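Each remark here refers to the structure printed beneath this line.
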């Protein structure tokens with residue numbers, strides 16, 4: 001999966017044919033992507049690794065982190081705050097595993113990335129890093145991730161390890177289905193299951209499955225908007241996405257997925273016994289999703305990137321609502 005800004009549609013017409021590697025394009029969005037703390041302050045040798053892990057593009061880490069935090073908070077005893085140590089552990093794990101997922105994604109997608117303006121300067125596509133370097137870096141990332149996972153109970157260790165099939169195969173889905181965003185949702189929301197089991201020792205499926213389903217629907221919303229940034233290049237090189245599948249019906253379809261997400265979250269909160277502050281926050285979350293979907297300009301990459309990035313605030317709103325609904 002990718003988490004960066006895109007070139008404008010007019011500038012995408014500058015690309016070469018699908019069998020060649022386009023030269024870097026100095027678009028405004030590309031300049032924004034490159035003008036980060038990594039490029040300004042990190043040692044030169046470290047910059048390609050930071051870019052490969054997307055440590056300079058944190059939005060995706062939030063998307064992985066929030067379902068974990070929601071679940072941990074739902075699993076907290078009534079009237080109590082979530083375990084801060086568990087939140088810190090999962091926050092660290094989200095950072096590590098999101099970065100590992102980006103490394104895997106770029107290793108699979110090197111040849112595709114060369115043909116898309118938004119991605120042709122990624123470290124593997126541009127030649128800044130080699131495959132052996134990426135493999136060694138991935139081994140380090142996965143070792144660190146395993147170290148985090150081994151801090152949990154054995155039920156959670158097994159549950160967490162079972163997600164690796166999704167992590168490894170997700171990047172391939174865009175080659176075989178128009179629904180890679182759904183597979184991303186299954187992958188990125190695994191923390192909705194794992195957070196509860198880490199606190200309670202096993203899953204209460206009546207609570208975590210609606211939470212998980214709501215998270216998958218939420219991912220379909222934000223990642224479909226994200227995929228619209230690359231739809232012209234994707235169509236040209238044969239990559240599939242829900243953006244291409246939904247086309248000009250994207251807005252009503254994403255409104256339906258937004259409703260499904262809110263329904264899933266609401267069901268989980270109700271079955272977990274949350275009080276009225278949760279439902280007030282849930283209403284705010286519904287309004288935020290409606291704003292995202294209905295103000296998105298599907299041919300404006302800057303607008304789409306802003307809508308995508310705003311989901312970190314949606315996740316924070318849901319987290320605060322769950323905590324308040326459990327404590328108050």
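Values in this text are rule-based calculations from the coordinates and carry no lab data. Keep in mind that this is a model prediction, so the values were computed, not measured. Cβ sites come from the backbone with ideal geometry, for glycine too, and all protein chains shown count toward neighbours.
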Ranked by how many other beta carbons lie within 10 Å on average, peptides 70-79, 309-318 from highest: 70-79, 309-318
GNM flexibility winner over the chain from 97, 173, 46 (Cα, springs under 10 Å): 46
Calculated SAXS-style log₁₀ I(q)/I(0) at q = 0.20, 0.34 Å⁻¹ - region 267-309, Debye, Cα scatterers: -0.67, -1.10
Segment residue 169-residue 140, extension gain: residue separation times 0.36 nm, minus the distance between their alpha carbons: 8.5 nm
Residues 208, 221, sorted so that the one with the fewest Cβ neighbours within 10 Å comes first: 208, 221
Pair residue 177, residue 287: separation of 7 Å Cα→Cβ label points (nm): 3.6 nm
Span from the region 259-323 Cα centroid across to the region 137-188 one, whole angstrom: 24 Å
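Can you give the FRET efficiency for residue 154 and residue 186, using 1/(1 + (r/R0)^6), R0 = 25 Å, r = Cβ-Cβ distance, to the nearest 0.05?
On the way: r = 23 Å, r/R0 = 0.92.
After rounding, the FRET efficiency stands at 0.60.
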Label-point separation in nm, residue 276 to residue 84, each point 7 Å along Cα→Cβ: 3.0 nm
0 to 90° range, to nearest 10: angle between helix 250-271 axis and the chain longest Cα axis: 30 degrees
Shape of region 168-302, Cα gyration tensor, a/c cut at 1.5: oblate
The chain: most fluctuating residue of 44, 114, 231 per GNM, C-alpha cutoff 10 Å: 44
Efficiency of FRET between residue 161 and residue 259 - r from beta-carbon atoms, R0 35 angstrom, step 0.05: 0.55
Using alpha-carbon coordinates, inclination of helix 311-327 to the longest axis of the chain, degrees: 10 degrees
Nearest 10 degrees, 0 to 90: helix 276-295 Cα axis against the chain principal axis: 20 degrees
Separation in nanometres of the label points that stand 7 Å from Cα toward Cβ, at residue 205 and residue 130: 4.9 nm
The chain - mean residue ellipticity at 222 nm from DSSP helices (-39,500 (n - 2.57) per run, n ≥ 4, rounded to 500): -21500 deg cm²/dmol
GNM flexibility winner over the chain from 61, 103, 92 (Cα, springs under 10 Å): 92
